[in-house]
Amino acid sequence: MKIRLLTTVILGILFICVTQTKAQWVQTNGISRENIDSFAISGTNLFAGTMGDGVFLSTNNGTSWTAVNTGLTDTLVTSLAVSGTNLFAGTDNYGGIFLSTNNGTSWTPENSGLKGYTVYSLAVNGTNLFAGTFGGGVFFSANNGTSWTPVNNGLTGYTVYSLAVNGTNLFAGTDGGVFLSNNNGTSWTAVNAGLTTYTAGGVAPVYSLAVNGTNLFAGTDGGVFLSTNNGTSWTAVNAGLTTTTSGGITSVNSLAVNGTNLFAGTKGYGVWMRPLSEMITGVKDKQNNLPTSFSLQQNYPNPFNPTTTIKYSIPQQSFVSILVYDLLGREVADLVNEEKSAGNYSVQFNSSSRFSSGVYFYRMQAGSFTETKKLIMMK
């Protein structure tokens, strides 16, 4: 069961923090219910959404909890969000969204245009409310959920596990990675460079998102990733988070920032904690060094015998092809032919005994970028 966290909340009040000097994640304790899918905070009230038991309220920093479910006909609560005095609950059993204006004492459905969808995520941006659904993409409401409209132009992943707001940017974590909208969902752009899955090739599904200043964290089936540039590029920050029986990275299905720490709720392996400072500084330096454009450099040495090095750069995740041709335009070598994350790379060309002296050409193609250069082999 996925543990989804849809707002950056004060989660540390639920955990016993463990002091750790190593630069890695450490596991924490203190939360008793296994199927807590969401949290929200409103003033001194802390709300927890559970899978089957509805919403619980704590007014004493989690020391005790009281069920607040009157009118909540779907108790599979996958998401919570606070907007002023309004508390919204997204549900899993096709119940849509419920609204409470009295801290959960009573609930009413707010589903016009949305009923029939599982609501995995909620986000608030000013007076705008967004809902991420299973199979229906993102829905938008400007009237506290009274009516909903789909806003999915450019969104190729229609199962939206998580939503996050950072200034004018709205991020959606989907089964096809992260998408960014800076116009309240009117249009979306994929921002997935470096966001790779652990279990298979391609882009990782993103189950959770958390914002800390200019930093954006994503919880995926390949652990935790960090972007310091609004999703332009991502870097894994998983040191110590090796929790599966095979030594791999477990799915991270919820994230929350509490003070100087990031908490991660995992699939079957509890809650983990790591200081933000351990991750942000190194990743920011690394991402600042990423290339800003595609480029193919002249090979060196040139002329060469028998090997030469070709360097190239890509600013975003791309399928890269580098082929070598003779003067007649015949392909004689395949140097690169695979998906690459954003970065700077080099590849060697070994002329070996089957190539004769002369002029050859090497051609790089990555997305819409194409460039050809000449190399000279002398034996």
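Considering every residue within the stretch 169-192, establish whether at least one is open to solvent by less than 10 Å² (accessible area, probe 1.4 Å), in contact (Cβ under 8 Å) with a residue 60 or more places away in the chain, closer than 24 Å to Ala256 by Cβ and not basic (Lys, Arg).
Yes, the conditions are met somewhere in the stretch 169-192.
For the structure I just gave you, tell me whether Thr118 is open to solvent by 50 Å² or more (accessible area, probe 1.4 Å) and among the polar types (S, T, N, Q).
Details: open to solvent by 50 Å² or more (accessible area, probe 1.4 Å): no; among the polar types (S, T, N, Q): yes.
It is false that Thr118 is open to solvent by 50 Å² or more (accessible area, probe 1.4 Å) and among the polar types (S, T, N, Q).
Strands (runs of 3 or more DSSP E) wholly in the stretch 53-154 with at least 2 residues that are within 26 Å of Asn182 (Cα to Cα) and not aliphatic (A, V, I, L, M) - which ones?
Qualifying strands (runs of 3 or more DSSP E): 77-83, 86-91, 119-125, 128-133, 138-141.
Is it the case that the stretch 329-347 has a residue that's of a type in the set (A, V, I, L, M, F, W, C), under 26 Å from the mean Cα position of the chain (by Cα), modelled with pLDDT under 90 and surrounded by 15 or more Cβ atoms within 10 Å (Cβ to Cβ)?
Yes, that holds for at least one residue.
Find all pairs meeting these conditions: Cβ atoms under 6 angstrom apart; at least six residues apart or on different chains; first residue within the stretch 277-296 and at pLDDT 55 or above; second residue surrounded by fewer than 19 Cβ atoms within 10 Å (Cβ to Cβ) and among the aromatic types (Phe, Trp, Tyr).
If the second residue must be surrounded by fewer than 19 Cβ atoms within 10 Å (Cβ to Cβ) and among the aromatic types (Phe, Trp, Tyr), the pairs left are Phe294/Phe369.
So which residues in the stretch 329-379 are in a strand (DSSP E or B) and at positive phi, if there are any at all?
Gly343, Gly358
I'd like the full set of residues that are modelled with pLDDT of 90 or more and small (Gly, Ala, Ser), limited to the stretch 314-328.
Ser321
Please find, within the stretch 309-322, the residue that is farthest from Val359 (Cα to Cα) out of those that are assigned to a strand (DSSP E or B) and open to solvent by 30 Å² or more (accessible area, probe 1.4 Å).
Phe319
For Val203, which of the numbered conditions (1) under 21 Å from Gly90 (Cα atoms); (2) surrounded by 19 or more Cβ atoms within 10 Å (Cβ to Cβ) fails to hold?
It is condition (1) that Val203 fails.
Looking only at the stretch 75-94, count how many residues are open to solvent by 10 Å² or more (accessible area, probe 1.4 Å) and not hydrophobic (A, V, I, L, M, F, W, C). Please lay out each step first, then the result.
Restricting attention to the stretch 75-94, the residues satisfying the condition of being open to solvent by 10 Å² or more (accessible area, probe 1.4 Å) are 75-76, 82-86, 92-94.
Now restrict to residues that are not hydrophobic (A, V, I, L, M, F, W, C): 75, 83-86, 92-94.
So the answer is 8.
Working carefully through the options Gly154, Gly135, find the one that is over 28 Å from Pro315 (Cα atoms) and surrounded by fewer than 21 Cβ atoms within 10 Å (Cβ to Cβ).
Being over 28 Å from Pro315 (Cα atoms) and surrounded by fewer than 21 Cβ atoms within 10 Å (Cβ to Cβ) holds for just one of Gly154, Gly135, which is Gly135.
If a residue has to be aliphatic (A, V, I, L, M) and either open to solvent by 20 Å² or more (accessible area, probe 1.4 Å) or not in a strand (DSSP E or B) (or both) to count, how many in the stretch 206-229 make the cut?
Initial filter on the stretch 206-229 (aliphatic (A, V, I, L, M)): 206, 209-211, 216, 218, 224, 226.
Checking which are either open to solvent by 20 Å² or more (accessible area, probe 1.4 Å) or not in a strand (DSSP E or B) (or both) leaves us with 211.
The total comes to 1.
Can you work out which of the residues in the stretch 247-267 that are assigned to a strand (DSSP E or B) and open to solvent by 20 Å² or more (accessible area, probe 1.4 Å) is modelled with the lowest pLDDT? Explain how you work it out, then say what you get.
Here is the first cut: in the stretch 247-267, the ones assigned to a strand (DSSP E or B) are 252-258, 261-266.
Checking which are open to solvent by 20 Å² or more (accessible area, probe 1.4 Å) leaves us with 258, 261.
Values: Asn258: 68, Asn261: 81.
So, considering only residues that are assigned to a strand (DSSP E or B) and open to solvent by 20 Å² or more (accessible area, probe 1.4 Å), the one modelled with the lowest pLDDT is Asn258.
How many residues are touching a Phe, Trp or Tyr at 6+ places or on another chain (Cβ under 9 Å), surrounded by 14 or more Cβ atoms within 10 Å (Cβ to Cβ) and under 19 Å from Ser147 (Cα atoms) when one looks only at the stretch 98-108?
4
Of these, Gly62, Gly95, which one is within 19 Å of Trp148 (Cβ to Cβ) and modelled with pLDDT under 80? Steps first, please.
On the way: Gly62 fails: within 19 Å of Trp148 (Cβ to Cβ).
From the options Gly62, Gly95, the qualifying one is Gly95.
The values are calculated or read from the model by the stated rules, or taken from the named source; none is laboratory data. Everything numeric here is computed off the predicted structure, so don't read it as measured data. Positions of Cβ are backbone-derived with ideal geometry, glycine not excepted, and every protein chain shown enters the neighbour counts. Accessible surface areas use protein heavy atoms only, side chains included; no ligands, DNA or RNA. Shrake-Rupley method; radii C 1.70, N 1.55, O 1.52, S 1.80 Å.
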